[in-house]
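This report refers to the structure that appears directly beneath it.
Rule-based calculations on the coordinates, nothing more; no lab input. This is a predicted model, so every value here is computed, not measured. For neighbour counting, all protein chains shown are included, and Cβ atoms are generated from backbone atoms with ideal geometry for every residue, glycine included.
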Amino acid sequence: MRSCIVSYLDTEGIRHSVEVHADSLYEAVVLAVHTFRQHDCDPCEISKLEVEIRTSVTHEITLKKGVNGSTVGPGVRKRLQRRSDFERCSELVKDGLSVQN
């Protein structure tokens, strides 16, 4: 079961969105329309429903470590896609982007 955001634009140009958990595209649409109807904003038959499958990855880091950690370890450096990313971040830190203790 995946988390999906189903949305559509109504005839007045207002976007309506709802998050549902579904195993298929069709199930996501049915669940979304059911929820929209509960809130008196159901789409009409010709509405184009957009279904976004949420597959995001979230990383959490403290601001202090992210900003003041200009000397990163080999594991972090290895994850950087390009050398220029590391250099750009290092320059930002040198230019005064820091966290006060």
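Apply the a/c threshold of 1.5 to the C-alpha gyration tensor of the stretch 2-53 and tell me whether it is rounded, prolate or oblate. In terms of gyration-tensor shape, prolate. Put a plus charge on the Cβ of each Lys and Arg, a minus charge on the Cβ of each Asp and Glu, and nothing anywhere else: the dipole of the stretch 2-53 about its Cα centre is then about 80 debye. The stretch between E60 and H34 holds 5.9 nm of extra length on full extension. This uses 0.36 nm per residue minus the Cα-Cα distance. Summing +1 for each Lys or Arg and -1 for each Asp or Glu among the other residues whose beta-carbon sits under 10 angstrom from that of I5 gives -2. Using a simple spin-label model with pseudo-atoms 7 Å out from Cα toward Cβ, E50 and R15 lie 0.5 nm apart.
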